[in-house]
Every structure is written in C-alpha cells, then in structure tokens.
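The values are calculated or read from the model by the stated rules, or taken from the named source; none is laboratory data. Just so it is clear, the model here is predicted, and its values are computed rather than measured. In this analysis, Cβ positions are derived from the backbone assuming ideal geometry, glycine residues included, and neighbour counts consider all displayed protein chains. These accessible areas exclude ligands, DNA and RNA; they are computed on the full protein's heavy atoms, side chains included. Shrake-Rupley method; radii C 1.70, N 1.55, O 1.52, S 1.80 Å.
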Amino acid sequence: QVQLVESGGGLVQPGGSLRLSCAASGFTFSSYHMSWYRQAPAKERELVARITNTGIFTSYAESVKGRFTISRDDAKMTVYLQMNSLKPDDTAVYYCSVPSRNIWGQGTQVTVSS
C-alpha cells in the first residue's frame, strides 16, 4: 500500500524549532523527488521545500529560506523538515508529497504561538 505518514507537528513558541518526519511505504522511495507543502487556514496550499531523489539538490520557498532544511534518509524511507526560528506565520498543516505521483500524506499541524 502506497502511503506517506507525517509526524512531529505540535505547538511551539515563536523562535522555537520542530522537526517533521514523513515515513514512506509501498513504493521505491529512493527513485522519487519529495516535497513538503503547507496550508494555513483560508489560504492556498503552498510549496515549502523540495529535495531531489539523490538528495543533492534542494529548494525552498523564499519565506522559509535560511530557517528550514529538507533532508532524506533513503534507508529509512523518510524525508524530514527541520524548522528553526519559527514564526506565527508558519502556522499551518504540513504535508509531504511525491509530486510526480500525486501521493500525499494526511498532514501534521504546526502551531506557532506564545
């Protein structure tokens, strides 16, 4: 069964950090580029970060550049999103995705608030 399962979300104060994980199963994880998206209330889903299948190339939305880092562990079939210096504007549901196959996880809530 093809599946993506996100974890690691929660409530954090401004300036804090969280690491999201996305565990994949049911497909050849190492063959695919992976992405993290987010969707805030009443806003469209936006691309946050991408990583190529080799892990060599990454890209980020301007709003998170320098604060977020995407990485992957093919042995664990997991993609990560390390989020530092979090801001209230980062509050959203975060989803991982295999864009080329339109595979999505269920999402994990991140709330940044004091």
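Points 7 angstrom from Cα along the Cβ direction at Leu11 and Phe57: gap in nanometres?
Modelled inter-label distance: 4.2 nm.
Run down the lysines and flag those whose C-alpha is under 21 Å from the C-alpha of Lys65, throwing out any fewer than 8 positions away in its chain.
The qualifying lysines are Lys43, Lys87.
In the range 58-114, carbon and sulfur make up what percent of the accessible area (probe 1.4 Å)?
Here carbon and sulfur together make up 46 percent of the probe-accessible area.
From the phi angles alone, apply the Karplus equation (6.51, -1.76, 1.60; θ = phi - 60°) to the range 76-86 and give each ³J(HN,Hα) in whole Hz, x where the residue is Gly or Pro.
Once θ is set to phi - 60°, the couplings for the range 76-86 become 9, 6, 9, 10, 10, 9, 8, 10, 10, 6, 5 Hz.
Determine the relative contact order of the chain: mean sequence separation of Cα pairs under 8 Å and six or more apart, normalised by residue count, in whole percent.
So the answer I get is 37 percent.
I need the peptides 100-111, 84-95 ranked by packing, meaning the mean over residues of other C-beta atoms within 10 angstrom, with the highest value on top.
84-95, 100-111
Measuring with a 1.4 Å probe in the full set of protein chains, what accessible area per residue, in whole Å², belongs to the range 4-105?
51
Taking a temperature of 10 °C and a viscosity of 1.306 mPa s, what whole-number D in µm²/s does Stokes-Einstein yield for the chain with Rh from Kirkwood over alpha carbon pairs?
114
How much length is gained on full extension from Lys76 to Arg101, taking 0.36 nm per residue of separation minus their Cα-Cα distance?
Answer, rounded to one decimal: 7.0 nm.
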